[in-house]
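A.B. asks: Quick one: this structure, given as C-alpha cells, is what I'll be asking you about.
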Amino acid sequence: MNIGIIGAGSMGSGIAQVAATAGEEVMVFDTNSSAIDKAGASLNKVFARLVEKNKYTQEEADDILGRITFVDSLELLENSDLIIEAIIENLDIKQSVFTQLEEIVSEDCIIASNTSSLSIASMSSACKHPERVIGIHFFNPAPLMKLVEIIPSITTNEAVTKKAKATIDSWKKVTALVKDTPGFIVNRVARPFYGEALRIYEEGVADFVTIDAAMKEVGGFRMGPFELMDYIGNDVNYTVTETVFTSFYFDPRYKPSFTQKRFAEAGLLGRKSGKGFYDYSEQAISPKPSEDKELKQAIFDRILAMLINEAVDAVFWQVASAEDIDLAMRFGTNYPKGLLAWCDEIGANKPLSILENLYQTYGEDRYRPSSLLRKMAKENASFF
C-alpha cells in the first residue's frame, strides 16, 4: 500500500515511521526543506538507537528507512492509496491542501486528517468527494502511543471507514471508532483531569504538588495533572481546552482556567521552557506534597467523579461505544483503568453523590451529572 504523509514535523515523521515499520511504502511531503532534513536526521537517529538496543538488526532498520521517501512536490503523492495530513491545526489551510490533493490523487485514494480537534465534516466540505475523507488521529509520539481514533464524518462512506480502520489495525495500533464531535474521545473526556485540578488549586484547597500526589498515590495515575500539563505544554493544553469549550457552545464543563492562561502568556510553558507549574532548572528544589491522606482522597474522588461523568456522558451522546471509550482512555492517556470500568467498580452512586454535592455547593452547571449517570445509579446498572 502506498501511504502519503503531509507534514514532516514530529507527528508526520512519527506516522511515517509507524507505516514503514508495518511494511508500507511511505512518501512524506513538506514545503519546508529544513523540516525535511530535520525529520530525516531524526528518523536515522531513532533507528540507530533501536539497533543499539537490539530492537532491529541494521538490515531491518535500513529496510524500514528505505521505505520512507521525503518529497517537496505534492504531485509526487499521485499514486497514494491513503494520505494522512499532519499539519497546523488551521481549517482553511487543511481545506486548501485537501482541494489540491483531489486534483492529484485517484478517486479511490482515502484522504485523512490527523486533527485532534477540528471537524472532519468541515474539512470534507471543501472536497468534490467528501465521502472519502476521514479522521485518523494518532497520539504523540505516534510510534509509542498505541491508540488511534478513527473519525468518520456524516458524509464518509462506510467502506472508507472500514478500510481505514483495517489499515491502522494492521499497523498494530489500537483503534477506537468515534463520532465527529469536538475533542473526539480523549481530548473531550480528559478535560476534567486538567480543568478540575486547576479549579481545586484556584480555590486554595491544595497546591500543585499535593494535587499531583493525590492522583498518583490514591489513583495510580502515572503523572499528576500539573506534571502532565507541563509535559504537554501549557500553551498547547490551554488551546485544546479553549477549542473544546468554544466548540461545545461555551459549556461550563470545559471552561478554561485563567491560571493556565496566565502561565502560557508568561511563557511558563513547562518542560520545554524550563519552567511551568514546576521548575525544571538544575538548582530547583523539588516541592513536597501535603501528608494529609484525607485531603488527597477528597481531591482524587472529586477529579475522578468529573472524569467518570464525562465518559458516561460520551456514551449517552453516542460519541463512541463504552468499550472504545475505555480503550481510548487507557491507551491514549495511559490511565490506570478505563473510566467506565472504574464506574462499575465503585458504583455509579458514588460519583453521582459527589457531583450533586458540588452542584449544591457551587450552583454551577459545570457539575451537572449526566442523565445516564443518574439512570445507572437508580437502576444499579453497570457498563460491562
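No lab work stands behind these numbers, since they all come straight from the coordinates. No experiment lies behind these values; they were computed from the predicted model shown. All Cβ positions, even for glycine, are placed from backbone atoms using ideal geometry, and neighbour counts span all protein chains on display.
A.B. asks: Between the stretch 98-163 and the stretch 213-290, how far is it from one alpha carbon centroid to the other, in angstrom?
C.D. replies: Spelled out, the Cα-based centre of one part sits 30 Å from the other.
A.B. asks: For Ala159 and Asn44, FRET efficiency with R0 = 56 Å and r from the beta-carbon atoms, rounded to 0.05?
C.D. replies: 0.90
A.B. asks: Along the charge dipole of the chain, Cβ charges K/R +1 and D/E -1, which of Phe221, Phe300, Gly195 sits furthest on the positive end?
C.D. replies: Phe300
A.B. asks: Connecting C-alpha atoms closer than 10 Å in a GNM of the chain, tell me which of Leu43, Leu327, Leu307 has the biggest fluctuation.
C.D. replies: The residue that fluctuates most here is Leu43.
A.B. asks: Roughly speaking, what is the stretch gain from Asn32 to Arg374, that is 0.36 nm per residue apart minus the C-alpha to C-alpha distance, in nm to one decimal?
C.D. replies: Full-extension gain reported as 117.9 nm.
A.B. asks: Run the paramagnetic zone check for Ser122: 7 angstrom along Cα to Cβ, then residues of the stretch 176-198 with backbone nitrogen under 15 Å.
C.D. replies: Of the residues in the stretch 176-198, 180-184 have backbone N under 15 Å from the label point off Ser122.
A.B. asks: Label points 7 Å out from Cα along the Cβ direction at Asn140 and Glu107: separation in nm?
C.D. replies: Taking the simple label geometry, Asn140 and Glu107 are separated by 3.8 nm.
A.B. asks: Among residues other than Leu372 whose Cβ falls under 14 Å from its Cβ, what is the net charge (Lys/Arg +1, Asp/Glu -1)?
C.D. replies: On the way: positive: Arg368, Arg374, Lys375, Lys378; negative: Glu310, Asp313, Asp344, Glu379.
Net of charged neighbours comes to 0.
A.B. asks: Quick one: length gained pulling Ser382 to Val236 fully straight, 0.36 nm per residue minus the C-alpha distance?
C.D. replies: Length gained between Ser382 and Val236: 49.0 nm.
A.B. asks: Starting from the exponent 0.38 and prefactor 2.2 Å, build the expected Rg for the stretch 1-73 from its residue count and divide its actual Cα Rg by it.
C.D. replies: 1.03
A.B. asks: With runs of 4+ DSSP H residues as the only contributors, calculate the mean residue ellipticity of the chain at 222 nm using -39,500 (n - 2.57) per run, divided by the residue total and rounded to the nearest 500. Kindly include the intermediate steps, with their values, before the conclusion.
C.D. replies: Numbers: 17 runs with 194 residues, N = 384.
Only helices count here, giving -15500 deg cm²/dmol.
A.B. asks: Sticking with this one: Quickly work out the Gln297-to-Thr361 label distance, labels modelled 7 Å from Cα along the C-beta direction, and quote it in nm with one decimal.
C.D. replies: Modelled inter-label distance: 1.6 nm.
A.B. asks: Under the 0.36 nm per residue contour assumption, what length would be gained going from the current alpha-carbon distance of Trp317 and Lys172 to full extension?
C.D. replies: Details: separation 145, 0.36 × 145 = 52.20 nm, distance 2.89 nm.
Net length gain for the segment: 49.3 nm.
A.B. asks: A follow-up question, please. When a/c is below 1.5 the answer is rounded, else prolate if a/b is larger than b/c, else oblate, so apply that to the stretch 197-307 with a ≥ b ≥ c taken from the square roots of the Cα gyration tensor eigenvalues.
C.D. replies: Taking the square roots of the gyration eigenvalues as a ≥ b ≥ c, the stretch 197-307 is oblate.
A.B. asks: Follow-up. Quick one: if you stick a label point 7 Å off each Cα along the C-beta vector at Leu91 and Lys179, how many nm between them?
C.D. replies: Distance between label points: 1.9 nm.
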